[in-house]
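Bear in mind these aren't lab numbers, they're just calculated from the coordinates by the rules spelled out. If you're wondering where the values come from, they're calculated on a predicted model, not measured in any experiment. As a convention, Cβ positions derive from the backbone with ideal geometry for all residues, glycine included, and neighbour counts pool all protein chains shown.
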Amino acid sequence: MSTRIRLLSWCLLGALGALGCDGKVGPLTTDSQTNWLRSCQQTTDCGGEFACVCGICTATCSDDAGCSQISRGAACIASTEEAAIAQCGGSPAPQPGMCMPRCEATGCPSMQMCVAGVCTPQPTPAAHVSVDTRTVHQTLTGFGAAIAYGEGEITTHPKKAALYKTIFADLGLDVLRLRLPNGGTGDADLTTTSALLAAAEASLGRMPTVILTSWSPPANLKANNALTCSGNPGKCTLVQDGTGGYNYSDFADYWRKGLDTYVAAGINPDFIGIQNNPDWYPTSTEIGEACVFLPVEGSTLVTVAGNQVSISYPGFAEAQAATVSALSDMANPPKILAPETADFSKVSDYISVLDASSFAALAHHLYSIDPENIDLPGLQALNGIATNATKPIFQTEMQADGLGTAMLMHYATAVEGASMYLQTTLTSSATGPTTNPDALVFLSSTDYTVLDPYYAMQHFALHTEPGFSRVDVTSSEPALLTSGWVSPKGDALTVILVNAGTADLDTALDLGGVTLTHSSVTRTVFGGVERGAALGSLSATGVLKVPSRSIVTVAFSN
């Protein structure tokens, strides 16, 4: 796809000298203050006039009057202001205030750039990032999270109006993953689910994509006669009938009745996954809803109490075929995604035995992945499997800390080619039994707190929409992970940069002659205090600072 977008926001340099982007004269320094705002590494670089604070020569201050002798345009930027935090790489400034010129009204002189409302020296870039919108990859279905058990805690929260805005519109959420009722707690009706979806639609201006997955069949269909499993792999599966066979028809009937309940409540899921993590059973130190299926019915060796034991399991292929048959007469049956394995490397084992017409997307989780030691060949191989199957890839459940989430979202979308990325938990339960620090939002009984993974997802989700296409973005630095998304009409482009390394990277962004009228830069520094900070427009020369362990989004639009 060829995209031509015109950039109108860049200012002419050189001939305009100290003119700002609005044509006004920039801050004027006195002849004696030639070292003010000079880049520095130590105070001796500032010629004895100023101190080196966060990479610039400046004076400390407590109010604007303390900066008046430096320049008419100098202001005292308090250490708590976003501008000071941005200058200090996302961390609090070491001084109560620093003298810097504000640039909202005046612009900045040449060789400076406006960042979070103040002028700062433009660094010499060490990293170079190039965008090629002519090379197009997968189409985005969206970013989102699961809300499998705690719908009621959201819809009855005392700050639910603000909470709705936070988890939907402010996040840019595209997908909600729900749990098929199985007789567990809170499964009596779908009133809260309907209310939650209505709130999502009102906040987003559209209905999010809805995925419905079974965490476990009802207890009467389980060999252990319980929804949850813990250290009992031989019983963490479907119950066998008197002849030793598995009753796939009852499993399919469970799915049909569950979907009919949703449809009766006015909820029509877009996708379903017949069993969450079919390749996983909780160990003796874990407890969770689960039900093991092999790719096809048979036996496998499982370690129990340190010994290898052969255990028989039902087949995923047989269960899915029975479910497809049970849904065949629905007026508007949902699409099926498969196999939603906990280990992405097992996807091929399952889909190789499935009828290709029985599912619409490859789905998996990333629990076998370490963000700091990623299996790139494995993810690339999965991309090849999806390409050969002509199916999109959905990553439907994973959790990590803020930086880990940012890295995994990059690897899933830019290496694997996933069209969807979902966080395991949208909101961590206020009532327990445990608090999930890797949820997007933590709920208490009276308030809520946005957690680091929220900001990681927001950087991807807020400035993209379903239907955007991923384009090529390359980086000169291996630690700088880059990706880009362009809108269907070519009137919006979003570039995401994740610095997974330990060194700050001053970076030049080259759009290859394909640019847009407006730009906005947003940054989160996980090692500091900066979270989702709006830093203003991209500099005229495309230079920006990407601190270590941070994520930066540059969004262009007309």
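Most simply put, region 170-302 has about 35% antiparallel DSSP beta bridges, counting only bridges with both residues inside it.
Convex hull volume of the Cα atoms of region 292-396, normalised per residue: 119 Å³.
Report the net charge of residues surrounding residue 177, where surrounding means a beta-carbon distance below 15 angstrom and charges are Lys +1, Arg +1, Asp -1, Glu -1. Neighbourhood net charge equals -4. Stokes-Einstein, applied to the Kirkwood radius of region 139-467 over Cα pairs at a viscosity of 0.692 mPa s and 37 °C, places its translational diffusion at 163 µm² s⁻¹.
Taking Cα centroids, how far is region 252-320 from region 100-157 in Å? Their Cα centres are 40 Å away from one another. Remark: relative contact order (region 41-161) = 16 percent; criterion is Cα-Cα distance under 8 angstrom and separation of 6 or more residues. With no solvent and one equal point scatterer placed on each C-alpha of the chain, evaluate the Debye formula and give log10 I(q)/I(0) for q = 0.06, 0.08, 0.13 Å⁻¹, two decimals. The computed values of log10 I(q)/I(0) come out as -0.36, -0.60, -1.26. Principal axis extents of the C-alpha atoms in region 235-295 (largest first, rounded to whole Å): 39, 32, 19. Neighbour counting of Cβ atoms within 10 Å sorts the residues 445, 358, 550, fewest neighbours leading, into 445, 358, 550. Ordered from longest to shortest, the equivalent ellipsoid semi-axes for region 43-121 are 16, 15, 13 Å, each the square root of 5 times a Cα gyration tensor eigenvalue. Note: relative contact order over the chain, using C-alpha pairs below 8 Å and six or more positions apart, is 17 percent.
Using a cutoff of 8 angstrom between alpha carbon atoms and counting only pairs six or more residues apart, the relative contact order for region 228-367 works out to 27 percent. Extending 7 Å from the Cα toward the beta-carbon at both residue 130 and residue 445 defines two label points whose distance is 6.0 nm. Only Lys, Arg, Asp and Glu carry charge here, each on its Cβ (+1 for the first two, -1 for the last two); on that basis the chain has a dipole of about 940 debye about its Cα centre.
Pairs of Lys residues in region 139-467, spaced 8 or more positions apart or belonging to different chains, with C-alpha separations under 27 angstrom: 10 in total. Taking only the alpha-carbon positions of region 223-327 and ignoring solvent, what does the Debye formula give for the base-10 log of I(q)/I(0) at q = 0.10, 0.14, 0.17, 0.18 Å⁻¹? Listed by q, the Debye log ratios stand at -0.31, -0.59, -0.83, -0.91. The trypsin sites (Lys or Arg not before Pro) found in region 206-238 that occupy coil by DSSP, while having at most 13 further C-beta atoms within 10 Å, are 206. Each listed q (0.14, 0.15, 0.18 Å⁻¹) maps to a log10 I(q)/I(0) for region 466-558, found by the Debye formula over equal Cα scatterers with no solvent: -0.48, -0.55, -0.79. In region 382-450, how does Rg compare with the Kirkwood Rh, expressed as the Rg/Rh ratio over alpha carbon atoms? Radius of gyration over Kirkwood radius for region 382-450 works out to 1.13.
Sparsely packed loop sites in region 37-128 (the GluC sites (Glu not before Pro) outside DSSP H, G, I, E and B with at most 14 other Cβ atoms within 10 Å) comprise 104.
The Kirkwood radius of region 144-254, taken over pairs of alpha-carbon atoms, gives through the Stokes-Einstein law at 10 °C and 1.306 mPa s a diffusion coefficient of 100 µm² s⁻¹.
Positive-end ranking of 357, 195, 417 along the dipole of region 139-467, with charges on Cβ about the Cα centre, is headed by 195. Shown for 297, 340: other C-beta atoms within 10 Å of each C-beta, ranked fewest to most, produce the order 297, 340.
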